[in-house]
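A short write-up of the structure that comes next.
The values are calculated or read from the model by the stated rules, or taken from the named source; none is laboratory data. Small disclaimer: the values here were computed from a predicted structure and weren't measured. All Cβ positions, glycine included, derive from the backbone under ideal geometry; neighbour counts span all protein chains shown. These accessible areas exclude ligands, DNA and RNA; they are computed on the full protein's heavy atoms, side chains included. Shrake-Rupley method; radii C 1.70, N 1.55, O 1.52, S 1.80 Å.
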Amino acid sequence: MSSRSRIISVALLLLAPALIFWMWLLTLAIHSSWFCPHGCWCDPEQAVLDCSHAALKQLPHVYHSPTYKVNLDHNNLSELGKKIFTSKNIFRIEELSLSNCNILYIDVDAFNGLVLLGELSLRHNLFTELKVGTFENMTNMNGLHLANNRIENLEIGIFEGLVSLEWLNLEHNLLNSLRSDAFVGLNNLNMLWLSHNRLSTLHPDVFVHMTKLNYLYLNGNEELQIPSNSYFLNIQTVEELYISDCNISLVTPKSFENATRLRVLDLRNNHLKTIDENIFIVLPRLTDLLLYGNPLECDCGLLDVWRWCQEHDIEVGKKTEILRCESPEQVSGMWWGVLGKAQCTNQNITFQEGYKAVIPNSVKGNDFYFARYDNIVKYVQLVIYIFLFIFGAIGNVVVLVVIIFNSEKHTMSNVYIINLALSDLISVTVDTILSYIEDSSESWQLGELLCKMFGFLRSCNTEYLYISYLL
């Protein structure tokens, strides 16, 4: 072999890996552009099909499978017909999202063939019902999101077959009642959201089939009441129960005698005036009893509850949301910790001297008083920001005018001062406004355009100031 041939062979060997790599990239590009539906984005490596915000009125045909993750959010599909996915060659799906698609109707066989589906999201649509058999043979599904629709009732057997389902979200629908067998088949369910529906009462055995249910959310059902002379739930596995913002005016030990594993009981923002101390005997594992937002009557009965919570370290509120007495008038509006300064004689409560100085344990002195005088703090803060803005802007403008319009001041050192004055002026006019907005509100209130513009100006000012100091 000649030397020239050897050189060519060596060059080819050296170039071969690079050529193979570039051919592989070219193949991926051709694959993505050729097989990916119009208006969609495909990732062959991760097996992702993203057709969100594509203005689709019907499902696109997929020419290549497998596709494991499909995102069809924010389209206008209106209805899901019979075998709509398998007819479009979309069947190897593990995660499917159809949120905000204006779906009015779902055929009972719409998801037929999607046996690998593990997670399905249908939230923020317009359908009012789901037919029995819709989720048939979906034995691998572990998550189902049905929130923010218009579902009025659940047919018997609708969830049969979902033997692996671990969480189900039905919040923000129109459910007004639940049959005792509404959730038959969900033996592995761990979390259930029924918040913000129209439930007023619950059959006590509605969750009895769920032997693994630990977290139950019923908050926001504004007409929901719980019985005081019989048990509310017949389920021993629930550890966290959320029933805030409902219509509950009385709870008794009888209400929770069949839910003895409760650790967290959320009763915020109801109509409770007191709590029976014996509820702690029924619920020996209780660590959180959230009661703030109720019109509590700080009497001798509630004094016993306060003492129990103190002795057993039971959480009843948060730093910014504390329990307050509504009555008697003597302590109205005060933290229920004033009960520590109370005494009971013949069921008549009296408060010892100094009870008005009692503040929450979780809130240190200054924080507590600032919380009480929050509006005053905001006004003082506004005055300080205005002072900084006016004097900072005027001072820097004066420096710029003096140097720019005075030819004798055009020296090299004054050029640096001009740079510093400009950066300080930008800082005063941008950072001061931003800082006040951020300090006075929990979220941005001026829209996306101004948010991006201020963020850009703040970044520019930081870089400009850094360069000016370097010079």
Looking only at aspartates and glutamates whose Cα falls under 18 Å of Lys341's and that sit 8 or more positions away or on another chain, we get Glu297, Asp299, Asp304, Glu311, Glu326, Glu329, Glu353
Probe 1.4 Å, all chains present, heavy atoms only: His410 accessible area in Å², nearest 10, is 120 Å²
Taking max minus min of the Cα coordinates of the range 105-209 on each principal axis, largest first, gives extents in Å of 38, 29, 20
From the cross-link list Lys57/Lys82; Lys69/Lys131; Lys254/Lys356, the entries with a Cα-Cα span beyond 27 Å are Lys254/Lys356
Over the range 54-207, with neighbouring protein chains present, the accessible area per residue in Å² at probe 1.4 Å is 42 Å²
Distance in nm between Leu174 and Asn229 label points, each 7 Å along Cα→Cβ, equals 3.5 nm
Between Tyr416 and Ile156, the two model label points (7 Å from Cα along the beta-carbon direction) sit apart by a distance in nm of 8.8 nm
Residue-normalised value, i.e. accessible area per residue, for the range 222-353 at 1.4 Å probe, in Å², stands at 48 Å²
For the range 147-157, in residue order, the Karplus 3J(HN,Hα) values (coefficients 6.51, -1.76, 1.60; θ = phi - 60°; whole Hz; Gly and Pro = x) are 5, 6, 10, 10, 5, 9, 8, 10, 5, 5, x
